[in-house]
C-alpha cells in the first residue's frame, strides 16, 4: 500500500475495505484496520465500509441504532470517521460472525430491511457514498429494485 501511494502522484486515495474475516486476511476488526492505517501512515488511505462484512466478521452484531452508534463512535475514536469514504450497502446471506463473504439483496438477508432502516438513521454516515454489491433480483448485479429499497430506508 505504501508503494502504491508513493508511485501514484497527486491527491487520489487508496481505498481499502473491511473484510468478513475468512481465511488469513487482516482487516476484519476496527483494531486491525487501525493497525493498517498506522503502518501505511498516509493521509491518502481511506476505507469503504461493507455492511455485510461488518456483520459477517462479528463487529456489528445487530443493525439496531444503539449498536450502530456504538460502532460508529468506536470507529471515529480509533480510525476516524473522516476515513470512511463509502459504504458498500449489502445484506448478508450468512449469519452473524460466520466469516463468510456472501452478499444478499437489501432486506433479503440476515441484516434485513429493518437493519438498513436503522443504519439510515445514523446521520454521521449520510455524507458517505452508498454503493450496492448485491446479486440483484434477477442475479444480474445491483438493480433499480435494490436502489429503490435502499432509498426507502431513508424516509
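Where a number appears in this text, it was derived from the coordinates with a stated rule and is not lab data. As the structure is a computational prediction, the values presented were derived from the model and not from experiment. Using ideal geometry, Cβ is built from the backbone for each residue, glycine included, and neighbour counts are taken over all protein chains shown.
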Note the angle between two axes, namely the Cα long axis of helix 30-40 and the longest principal axis of the Cα atoms of the chain, as a number of degrees from 0 to 90, rounded to the nearest 10.
30 degrees
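Compute the relative contact order of region 83-155 as a whole-number percentage, counting only Cα pairs closer than 8 Å that sit 6 or more residues apart in sequence.
Working: 104 pairs, mean separation 24.1, N = 73.
Taking the mean separation of contacting Cα pairs over the length of region 83-155, I get 33 percent.
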What percentages, rounded to whole numbers, describe P(r) for region 12-51 computed over all alpha carbon pairs with 5 Å bin width beginning at zero?
6, 23, 33, 25, 10, 3
Does a label point 7 Å from the Cα of residue 123, set along Cα-to-beta-carbon, have any residues of region 53-73 with amide nitrogen under 20 Å, and which are they?
64-73
Relative contact order (percent, whole number), the chain, Cα cutoff 8 Å, 6+ residue spacing:
20 percent
Spin-label point model (7 Å from Cα, Cβ direction): what's the residue 7 to residue 40 distance in nm?
1.5 nm
Could you state the angle between the C-alpha long axis of helix 65-78 and the longest principal axis of the C-alpha atoms of the chain, as a value from 0 to 90 degrees rounded to the nearest 10?
10 degrees
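Out of the DSSP beta bridges found with both residues in the chain, what percent are antiparallel (nearest 5)?
In the chain, DSSP labels about 15 percent of beta bridges as antiparallel.
So if R0 is 30 Å, what FRET efficiency would residue 147 and residue 31 give, r being the distance between their Cβ atoms, rounded to the nearest 0.05? Let's see the in-between values first.
Numbers: r = 33 Å, r/R0 = 1.11.
Efficiency for this residue pair is about 0.35.
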Whole-Å distance linking the alpha carbon centroid of region 93-122 with that of region 20-62 is 17 Å
Rough spin-label spacing in nm, given labels placed 7 Å along Cα→Cβ, for residue 78 and residue 64
2.2 nm
Expressed as cubic angstrom per residue, what is the convex hull volume of the alpha carbon set of region 18-79?
77 Å³
With no solvent and one equal point scatterer per Cα, compute the Debye intensity ratio I(q)/I(0) for region 2-152 at 0.13, 0.21 Å⁻¹ and report its log10, rounded to two decimals.
-0.58, -1.37
Taking a crude spin-label model, label points 7 Å out from Cα along the C-beta direction, the residue 154 to residue 139 distance in nm is 3.1 nm
